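Worksheet for the structure shown next.
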Amino acid sequence: MKILMFVLFVSQILFAQDFIVQKVSGNVFVQKGFEEKTQKVNTGDKLKSNDLIITDESAFIHLKDKNGNSFVLKSNSAVGVNYLRKMSLNDLILALTQEEIRTVPRNSNKTPNTAVYGTEARMKKPFDFQNKLGQKKINGAKQLAESGFVESAILAAKETFRKYPATGKNFGDRLYFADLVKNLGLDEESISEYNKISKIAETDAQKEILSNRIEGVNLKIIRN
Amino acid sequence: MTDGFRKNSFESNPGNFVAKSDWEFSAIYGADFSSSGSNISNDIFLISLSKKMDRHYFYFRYTPAFKKSFIISAGNNITIDSSSASLKTTINYSEKFGLGYSYSFGSNFSLGFSTRYFEEEMKEDVFNFFIGDTSILTTSTSVSQKKFWRTDFGMNYLLSERIRLNLSSKNLFLLNENGNLSNKHFELKLKKGIIFGLESKLSENLALNFNWDVASSFLLGSFYLFEIFGGKVIGGINITHDQTQNPFINVIMPTVSFSSNLYSVSLSYINYLQSRNNRLSDFAEKGIQNIVSNQFADDKLLLSMNFALSFKHEKAVEFLDVEVTNDIFPTLTEEFVNHPFAIGHAKNLTDKTISVKPISFIPGINNEHIYSPTVEIAPNSIGEVKFFTLISDEKNYEKRKIDNAEFLLFTTEPDYEDKTEKPVLINTKNNWDGKVSNLRYFVYRSFDYSLDFATRTMKNYSSAIDSNVYLKKFNSVKVLFSEFVKNMNYFSDPRTSFEYVQFPKETMERKGGDCDDLSVAFASILEIAGIETAFVDFKSDDGISHVNLLINTGLNSSQAELITQNDKKYFLRENQNGEDEIWIPLETTHFVSFESSWNLAAEKFYREAIENFGLQKGKVLITDIY
């Protein structure tokens, strides 16, 4: 029986539910699967786990799955449907570990073929779409957390901070999600997050906040 | 532990233990100094011959000078008429020869015995008195003899690299051939006993030995040795306590010797600390226990020589087993440099730490013998030896075959110590061991062909490639892929029994292949064009895996919008500078378009690697090609 329950539990996590659009207000778009373009969302549309929902200013969307679970994405936000699920803490830890795998530097000593490509230049020009979508995703992740999908929110935020580097420079946003990690009792992970944020802390007040957070977690670890 | 040659003494080595040597001849020449110092007699003390056969050891010795005589005179002459006569009793003791055998149960333990032949003879003069016209007094001699065999057992145990223990009997079995001496009082006193022995190597240069005859005596010796002229010089001193003699320490025996692998020479002086005054009353009262060393023995100078008659090198290490752990895949060259294809176990047969050089030769892939890393093996211990190999590119690898691999163990000797052979499967150049990480070896093949393809294509599409300075790599991938898949077909592995991977040139010339072939071929083209690639290995529970590619666009995460507005289509990987770079998945078995191949691969990668935590669970493996 335990095994069966485990299988059911895992299945629910791995295969997020499809959602039906209950209500749409303003400009709401969906980026289907791996398509490049977005399309407008209408009431009654079916959204799958690979879809990304994007709302503009003064817009919102109300979704509901077949079990009656509903979610409202407020204005100027974006969220992947696959994040609208309750993850277990273990899955979150697994996902965070996977993130570490992706950051392991490759042991490459190959010299780039400069004869063909020349010295690689770095892009200075900002991308409006990318920056806006990144911020919308952070906004969406916050709403995930507020709706009780804390683990999904953390994962979505981490992904966004990395794929949309401009969002990772917002101290307040970074601290918000690092606090969520701390509140879940993931002490070492939260200290790691606070240490990463310290690289973008500019003011003394920000540095003091981080210092206090780290000290607090350390005290907790020592007491335990 | 101080000398490779046998100890030519059953007295201290009844177990007949031997460390090494095949055939060996020994001789001891000695000078006997009488107590007055006026008489020196020289004689051959001992000649011996020995032979070691595998674990068996045989020994024979002839001991012409192992003898002692006593003459007891009755006193004044008796004179009758004109006849006079005197009486004396002569007692001769001699050890004629000895035989020994021992068996080694391993390098740590041996068991053996020795048997020696003794003769005792007693000649007693008696008067013959004839009464007649003239009384005549004559003497005649009455002779009695005792001939017997003495057999003892002994064992030797090497407790550690530095300590050897010996245990042996004394006078355990005595077998009389005939009767006894007419006066049993003068027979050798052969008390049964036990002898404990300890040899200890205190350091590389200092050794100690101790023999304790529980009933009556002990011997303690200390030796210092050093190496010179390819041999060892050993200097030391023995002291002996014997209950039958005085003072408490009654013998001092300084010794110096030189030994090499072929011979040894030693000079010893046996010095009795109490003067030898031949008190025959003592002899008549106590007798003797030992023919050579007793209270009546004189000081001796002994010159010992040992010669190895056979120049056969004593094996220092031997194979216990060798297992071929990996078949040979000729294309996976570096794998066999980095990982052993065979692992063996070798035993150090000596009591020293030795360096063992494992060497192998596989005629089908090697041009010469291949040396693998040297292994240090502790004394009398077993060590693991790994055999690596180099794959010659001058051989023909068109057909699979089984070859006889030769495995050799070398030490410092010019000839090998041990040798064994094992069959090894040599696959064809296109065979693959199924590890996706090893597909990279196929990428490196026919690089010239890939270079030609890449150069030609990029030249033809240079304007498209150079249209955006940031997208040179990405655009190159696009045009190379579009050109690569033209007229390309998918067909599954033609050889079902074994993994078969085509070289890039073969795939492009045949216009097709399976996922391994196509990924290898396109990776080869990209790598030659300076674009980093990685294999993505999607494992499934049914054992059927799929391989496609991840390709480094060289773009950083801020530049993603240049190639896509869907962040699920790329994967960030950190480079050596700690910067994220955008890698895109690409399906090489989908020939419709670059975009559709990218989408298809991205969807699979996102689902299996990211959403299902495939990277963390080991279901999806990324192997860089470099």
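The values are calculated or read from the model by the stated rules, or taken from the named source; none is laboratory data. Here the structure is a predicted model, which is why all the values come from computation and not from measurement. Here Cβ is always computed from backbone atoms with ideal geometry, including for glycine, and neighbour counts include all displayed protein chains.
Residue by residue, here is whether (1) more than 11 Å from A:I20 (Cα to Cα); (2) out of contact with any His (no Cβ under 8 Å at 6 or more places or on another chain); (3) at pLDDT 95 or above holds:
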{"site": "A:K48", "(1), (2), (3)": "no, yes, no"}
{"site": "A:I54", "(1), (2), (3)": "yes, yes, yes"}
{"site": "A:E57", "(1), (2), (3)": "yes, yes, no"}
{"site": "A:F60", "(1), (2), (3)": "yes, yes, yes"}
{"site": "A:K66", "(1), (2), (3)": "no, yes, no"}
{"site": "A:S70", "(1), (2), (3)": "no, no, no"}
{"site": "A:K74", "(1), (2), (3)": "yes, yes, yes"}
{"site": "A:V79", "(1), (2), (3)": "yes, yes, yes"}
{"site": "A:L84", "(1), (2), (3)": "yes, yes, no"}
Lone qualifier among B:V547, B:V520 - being more than 13 Å from every other protein chain (Cβ to nearest Cβ), aliphatic (A, V, I, L, M) and touching a Cys at 6+ places or on another chain (Cβ under 7 Å): B:V547
Of (1) at pLDDT 75 or above; (2) more than 22 Å from B:Q565 (Cβ to Cβ), A:A156 satisfies every one except (2)
Output the residue which, of all residues in segment A:17-72 that are without any contact (Cβ under 8 Å) to a residue 40 or more places away in the chain, part of a loop (DSSP other than H, G, I, E, B) and touching a Ser or Thr at 6+ places or on another chain (Cβ under 8 Å), is nearest to the other protein chains (Cβ to nearest Cβ). A:E36
When you look at A:L180, is it assigned to a helix (DSSP H, G or I), more than 21 Å from B:D580 (Cα to Cα) and in contact (Cβ under 8 Å) with a residue 24 or more places away in the chain, yes or no? yes
Against the conditions (1) surrounded by 15 or more Cβ atoms within 10 Å (Cβ to Cβ); (2) more than 10 Å from the chain's Cα centre (by Cα), where does B:N348 fall short? Just the number, please. (2)
Which strands (runs of 3 or more DSSP E) sit wholly inside segment B:136-196 and have at least 2 residues that are surrounded by fewer than 18 Cβ atoms within 10 Å (Cβ to Cβ) and β-branched (V, I, T)? B:136-158
So B:N599, is it within 9 Å of chain A (Cβ to nearest Cβ), surrounded by fewer than 19 Cβ atoms within 10 Å (Cβ to Cβ) and not charged (D, E, K, R): no
Residues in segment B:456-473 that are surrounded by fewer than 20 Cβ atoms within 10 Å (Cβ to Cβ), more than 9 Å from chain A (Cβ to nearest Cβ) and either touching a residue at least 60 places away in the same chain (Cβ under 8 Å) or among the basic types (K, R) (or both) total 3
Within segment B:569-583, is there a residue that is surrounded by 22 or more Cβ atoms within 10 Å (Cβ to Cβ), within 7 Å of chain A (Cβ to nearest Cβ), at pLDDT 95 or above and not in a loop (DSSP other than H, G, I, E, B)? yes
Does segment A:110-129 include one or more residues that are within 29 Å of B:D466 (Cα to Cα), in a helix (DSSP H, G or I) and at pLDDT 80 or above? no
Can you give me the number of residues within segment B:330-370 that are modelled with pLDDT of 95 or more and among the aromatic types (F, W, Y)? 2
Have a look at B:F498, B:F491, B:F474, B:F447 and point out the one that is at pLDDT 95 or above and among the aromatic types (F, W, Y). B:F474
Checklist (1) buried (at least 19 other Cβ atoms within 10 Å of the Cβ); (2) of a type in the set (S, T, Y); (3) in contact (Cβ under 8 Å) with a residue 60 or more places away in the chain applied to B:S476, failing item: (3)
